[in-house]
Each structure stands twice: as C-alpha cells, then as structure tokens.
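To start, the structure under review is shown below, and the notes come after it.
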Amino acid sequence: MDASSESVNQHLCVMSLEVLALTRGGLLPDPGKGDPIVAVAWCIHDDDVLVKQGLGATDVGATGRGLVTGIIASADAGEEAGRAPCGEAPADCSEVWYVADEVSLMAAVAWVVRTIDPDIVCGWEVQQSSWGLLLERAEVVGCPLLSALSRAPAAGEDARNKQAGAAGKFDKNTSSGLWLPGRHVLNLWRESRKEVKLGRFTQEDVARHVLGRSLPRFPPRLLSQWLRSGASDRRTALGWLAERARADLSILAALDLVGRSSEMAKIFGIDFFSVFTRGSQFRVEAVMLRVARPRGFLAPSPRPEDVSQQPSLEVQPLILEPQPRLHRDPVVVLDFQSLYPSVIIAHNLCYSTCLGRLCKPEEVPTVPSYAATATGVGLLHGGAHGAHRQGAGRTSGTVASPATQASDASGVGGSGQGLSAGGAGAAAAAAAGSTSNRGQVGQAVHGMAASGALLLSGARRFTRPRLGPFLYTPPPGSFRRFRGRGFLSSNGVFFVPRSEREGILPCMLREILATRVMVKKAMKGPVARRFPELKRVLNARQFALKMLSNVTYGYTAASFSGRMPCIELADTIVQTARDSLDRAIYTARTHPEWRARVVYGDTDSLFVAVDGRSPLQAFAIGRQLVDVTTSQNPAPMELKLEKVYDGSVTVTKKRYAGRMIEDESECDLPSGHCSRPVLDVKGLEIIRRDQCGLTARVMRLVVEELLRSRDLSSVRALLEREAMRVLRGDVPLSEFVFAKEFKSNYSATSVPPPHVVVASKAMAADPRATPRVRERVSFVVLFGLQKSRLVDLVVDPREVLSHPSQHRVHAHYYLRKALFPALNRVLLMAGADCMAWLDALPRRHPRQLLTRAKCLEELGAAVPRELRATAEELAAGAAAGGWLVPPRGLAAGPVAPQAVVPWRGRALPARGSAEWGPSRSTWPDSGLPAPAQLAGLERRYAQFRARAC
C-alpha cells in the first residue's frame, strides 16, 4: 500500500444484489402471483480491502479483480440446506449457501447485509428486480426485511417508501424510489443513462459499451427450467446470476460513479446522495454561500409571487443562421473559453455589485425616491450598519431613507431588502420579518443588499424600483461617484467597479477556474502519471469544477423555478457575451489580409471560412484572429482556436459535420492537408439516438464519402449499393431497430406513438413488463396491408427473432421515411436530390407470407392441395431468397409452413386454367392419384414454378 492510494481512498463499501425467481411460463417474476425467489447473488466492493491489495477502481472496472461474490439459494433450487462444496460453486464465486426455504433465504440476506454493513447498495434495476423484487416478495410472505436491511432497524421503515402522490412518483421516476436508513440505494440503469449515450440501457448493452465484453441474456422460462433440472443446469443458472452481480460493480467502477460523486460532494459542500438527486441550482448555491458568508452576506429567499412579478428575460444568445451549403475550403472553428464565467469575472457582474437599470428621466416610474418596501430578500450585507432578527413570518418592513446620508459618504449605500451596507454615515435600517432556512437550523433572515443601490440624478436615472424579484430603490448621487470606473452594459445595467467591491460570483468563479487550471496541471505531472488512481481523482475534481462554472449563469437566469433569479444580472451576462462575439465576427469579416467569411456563429463559437487556403494556412489565420480578438476583451476573456474543418457541410443551426483537424502538426507537408482527419458531427442523425442503426451507419458513410471525394457520382453509387442491400434483405435486424423513450403522460384520446403500442402489447401479455419512465422501448416496422397505419406495423424485435419466417422488415419504409429523407437534408447542400435516386432504383416486390385463408380471399378460388409448398421446400426457398408472394397478403398470426404458397409474378393464373392442373373434382379427397397423373402434375408444377420464379 502506498501513500497515493491511501490519499484517494473513499473508505466506502458498495454491495450489489441480483435475484432469481421461478416463473410461470415466459412471464416475468411476480411476487404477488406466488413466484418464489430461489436464489440471490451478492457482490462486494470495499475500498479499504482494495487499497490493502494494491488495487483500484480501474482494476475493478477492467478485470473485476478485488470483488467478493456469494450466492444464497433456497432448497427450492433442488439442493439440501447447507454450504455447497467448493467444486459446485460457479466460477469467480466465493461460495454458495443453500437454505431451507424462501424465508430463510431472506433472513440470510439480512444477515449478510448486517455483517458486511455496506454504505451503498445497488442493483441494475432496483424497483421491479434486485432489491425491489426481494422486498416485494418479503412483504407477501410476511417477512420484515425492509427494516432489517437498514442501519437503524429500531427506527422502523422509512416513511418515504410509502410516500404517495407526485413526490413518491418523482422519486421512482428519477432515482431508486427505495429508502434504507443509513444506506444509499443506487439504481444503476438510471445512473448509466446520464453517463453513456446508447439506444438501450439493458445491462447487456451497457456492459458491451463500457466493459467491452458481452453478457448472455436468458429468458425467464429457460432459467426456471435450469433451476428445476439437474445440478449442471442449476450451476449454470447460478453462475449467470453471480456474473450479473459482478457486472453491476464492474460497470459502477468503470464509470467511476462513486468516486466522482464523492469528489463532487466534497467540492460542492453537499451530501453524497444530493449529487445524484439535486440539480445545478443547489450546487451553485452551496458553493456561493460558502464564499458569501465570510464576507458578511446572507442568501435571499424570494417568494413565488415575487419571482413571477419580475420582468421576463430580454436578451438571447447570438446565434447566426448558417449558410446551408457544402464548404470545400477550410473552415476555422474558434471558441471563447468559458465565456459566461469569464464575462462575470472580467466585468465584476454579481448580485452584490448591480446598481440597476438606467433610463431617461421621463421614463422613471413615479415611486418614492428614498424608500423601498422590503417584501423579499437578496444578498444581504450583514455588517455593523444593519439590523436583522429572526422571526416566524416573512420579512415585511421599510428601509430607512438614506437622505440623511452625505453624498460623499464612504462605502456603497446598501438598500433594498432589509439592511444598509453603506459607510459610516449610512442610516440604520430596521426590518421585521421571517427567515427562510436553507438547510441550516437557526439561520438568520436572508436579505439582499444590492451593493450600493444608487439612484442617478441629472440626465439619467435608474429605471425600476426592482432588482430581480425584489423591490429596490437606490440612493442618489452614486452615478457621479462611479462615473468612468463602473461598468455600464449595452442593455443599460450599471455595476460598481472591482476597486469598490468585488462581487461574490466573480470571486467564486475566479477561484474555481484557477483551481481547475492547477488540477489539470497536476494531472499532467509525474505523480499522476505514476498513480492512475490519483489521476482518476484529479480528473473527477476538475470535471466537478468545470460543471460548476458552466451552470452559474443558469442560476441567475432561472426565472421560473429559480432560488435567486435576477433578470438584470442574467441579461447583462448574455448581452456582454453577444457583444464580444459580435466584435469577433466584425474583426474576421473586415480584416483585408484574411479574406475570411463567417459562415456560422453560436453563443460562444465562431466558424470562419478561408477560401482558397490549405488547412495549414487556415491554422495560421486562426491564430492571428485569436490574438486580435483576445486583445479586444478584458482578461480573462480569451478566444481559443479549437479545430479546422477540411471540408464541411452546414445544414441549419446546431446541425453540421466536418472533417476535423485538431492540431496543425497533423497536416502533411508540403500539401498542408491532413491524410486522416476525423469526422466531427453535431446534431445530425449520425449521432441521434432516436434513429435506427441503418440511418446512422449509412449516413456516416455517405457524409464521409461526400467530404472526402467531393464527387456526387461516387456518393450515389455508395447509396444505391446500400439501398439494394436493404431491399435484398442483406442487412441485420439490429440496424432496423428504433428505440424511443417511454413517458407516463400519453393522451388516451390520441393515436399512441409506435413504441407505446409495443409497450402496451407487452403489458397486456405480462403486467410486470411495464416499462419504467424514460426507459427506451425498441420496435421494428414490418410489411403489412396497404394503407395500414404505422402503429399497426410495429412489433418488438424479439418477436421477429422468435418467428423469423413469419415477419419481413418493411424495407421501403426504412428507405423512404427514415434513411433517404435524412440524407436528402445533407445532400441538398451539395445540389443533389437523393429522393430522385431512390425513385430510379429497380423496383422489387416485398417478401411476404400469404396464408391459405388470404389466398381464398384474394383469389376467390381454392388453391390445389398439390401446389402447396412443403415445409422443406419453404425452408429451401427462403434460404435461396427466391420464394416471393404478392405484396397484398400478410399473415395475421402464426402461419403453418404447409399453408404458404410460393409465388413470384405479376398476375395469378386464371381459375381452372391449365396451369393449375386438373380441376379439384377429378382429385378425390381420399386416395392418391395414379402414378402417371402424379408425374404429369409434377411436370406442370415444375413449369409453373419456372414461370413464377
């Protein structure tokens, strides 16, 4: 054990648990219907043990080393009670315990939890499986397991487990919805949604993406059969269960959820579980209060009616409408580094430095000049010049008039929300009111002193008696005092200079950014390179600092549900950022030597096209633009050269793609081009999870070919090859799968979306198959009757895999409704209409199945029994790809192979014609035809197949 490993030890113990139950047929386990739990697998990850073994989270995530696994099985699994011999324990499993019955199994689980005493318990899905299934079954059999699993069993069950209404539903839809006093419960599939971007979030899909290995998936029916079978099958089932429990902790370690969340909790100053459940406002406020209180400020707590009465936001980020076209010349992408935080620091923008909005004298509302009614609170400077008290109600009072204050008084006159933060001559403010505790018992009343709330005299005055949600009137004479030193934004809001008072937000963000720079420098040092665990912790810390700085603006602009919104401050931040981006655009357009065009701009980024240059020359022009623009802005505002696109296509706002070169060293000399650029995509279907895999894959190939060759003929040839593969059925089923998120607020009067139809079918067959909120439901689109609705053609992919001969993917739908429309939005930028290419493709009839009943309906005549395909002929024809039927027929249910007619042709033979052979009246139902007649029938049948196929 080394000092570095000990320094990153979180001293946490995590336990995962997975459950196996006997089921009725192919249904999922239902505790209320008598499905018993026969096996439980648990796995332990203990930081102290790993440190002693010299292992870390990276070892656990990559190899699973250091995990301790055990299995508890009941005698229902086919064994007598007792400890199983070592030879019968599955691989990578410490031991297997067999207990007498289901109640003894639950008692054993409680004993294991109390003995190991984990800080965190988890499972892949802890509501309908894992801990939730176990607790639900314990309630059915009358076992008090829930209180036995907590660290305070005498306290009884947590009331939140029985919470009904919106609060209880919110917990279940966003986190685990399960509460064990003294232990945190993590629902791993929900936490994985926040970490990785996948189409589905089953344990098998996430393990394949995160761990790089495949986990088997077995249906409940097969697992139940194994448990009721011999020892070998039973050992396979238990080994599969143990592997799932180990995979839970391996995924948890690979994503570093516990370690990163622990570091974020330390940096934000909040509890561990709030990192998972609380939003960005809670985090920003937790850090802001730690900075504000040593400086004598308290936080505000506006009422909802105060928030609703403030004016709406007026300024939006600058987003240029891009030029929709294919850019053959290099495009330089520049980005302001941490634009909003740097704007706050550079101009000292804060609640405590904002003086209000300016306007002309005739626009000043007719309000008392030197009085303000304190109906809310804001940043309150609680110095010796203020008076405040704690009360049961809300603050309601009047600020004393500062008219007695000398015009040249030192300090900034504090006004507005209860206290005066002025100089020695400031009048004392008296306020009666209430306290809104932010999690602190006995906290004094929150208030807001708008650091020097000042009213201008002369040509300009402050416009409103409000600052954000609070009533506010500044004292006179302050504009002359700060003229030439303060900051007046282009939207008319004035802020005092840093020499007078440094704001809380600028101070907080400056420390955050400086700390992040220091942490990133340490990550590149020799110590971090030597100890991977230390580098992992440092990376978690810099990530937490980055996320905190990025959401600070949102805290000031949360005008609906915000805890302390301030419209003047939020608008000033955005307006100042707009001005900086606008200056950069003007500089790029007007420089005579660069001959540059600005093709797109979005909030803090700038896309500049340099015609007739190589990527290497584009890097040189980009560096010059960075130097000029950075010099136009105060520190720490800085423009960065992010990348160069050697060929790109812009479709619309926030939707573009390009061949990315991140560093000029990647360019080859003397051509100045990069031989292996990387495709960078934003907003297109290539990276969107609401599209099928076919659209993403083919679109990536087409865009890469378009940007590489700039030749539409090669793009068309590529697209036609892929389209013909789809029509021939050479594309795997996985590429046709759509995955859409399931929600809980669908209307009962409107047509449901396709994924809801598939989910409804699964719920009708098995009530336990109800999707969780935000779970992705998969479906594919199949061929059907003409004029069928889309919702009538969608099925679960597992149904297609179960009966592949009965279903055909609707190739024309995927081409005309999914793939080609998405491609056309990109190829139109190059002057090509790929929908016309699709219309020019050779037409092929879709492969479908025609039942005998449908034959009778369509043909109006009986099909001779001798012309029906046998099962062997059907299988051979389907494998050869030559058994086709008219597109009008579709089997409504399971189809017997002998009831399927092979057919490929434009018209069916007329009834009674020679192609059908002798009429049915000459073929008695009993007995076989004569050999000569049978030979003639076979000959005519062969001729019939030759013409049809």
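Values in this text are rule-based calculations from the coordinates and carry no lab data. This is a predicted model, so every value here is computed, not measured. Every residue, glycine as well, gets a Cβ built from its backbone with ideal geometry; the counts of neighbours run over all protein chains shown.
What are the lysines whose alpha-carbon lies under 16 Å from the alpha-carbon of Lys682, with same-chain residues fewer than 8 places away excluded?
In chain and number order, the partners are Lys197, Lys643, Lys653, Lys654.
Taking the beta-carbon count within 10 Å as an exposure proxy, list Cys834, Cys143 from fewest neighbours to most.
Cys143, Cys834
Could you list log10 I(q)/I(0) for segment 727-839 at q = 0.09, 0.17, 0.22, 0.23 Å⁻¹, which the Debye formula gives when each Cα is one point scatterer?
Log10 I(q)/I(0), no solvent term: -0.30, -0.93, -1.27, -1.32.
How would you rank 185-197, 764-776, highest first, on the average number of other Cβ atoms within 10 Å across their residues?
185-197, 764-776
Counting Lys and Arg as +1 and Asp and Glu as -1, what is the net charge of the other residues whose Cβ lies under 10 Å from the Cβ of Cys143?
Taking every other residue near Cys143 into account, the sum is -1.
Compare the Cα positions of Leu727, Ala764, Val809 along the charge dipole of segment 727-839 (+1 at Cβ of Lys, Arg; -1 at Cβ of Asp, Glu; about the Cα centre) and return the one farthest towards the positive end.
Ala764
If amide hydrogens are placed 1.01 Å from N in the peptide plane, which non-local residues have theirs closer than 5 Å to the one on Val795?
The list, which skips near neighbours in sequence, is Val780, Leu782.
Express in whole angstrom the spacing between the alpha-carbon centres of segment 236-299 and segment 24-54.
Their Cα centres are 24 Å away from one another.
Efficiency by 1/(1 + (r/R0)^6): what FRET value for Gln316 and Ala231, r their Cβ-Cβ distance, R0 = 51 Å, to the nearest 0.05?
Efficiency, rounded to the nearest 0.05: 0.15.
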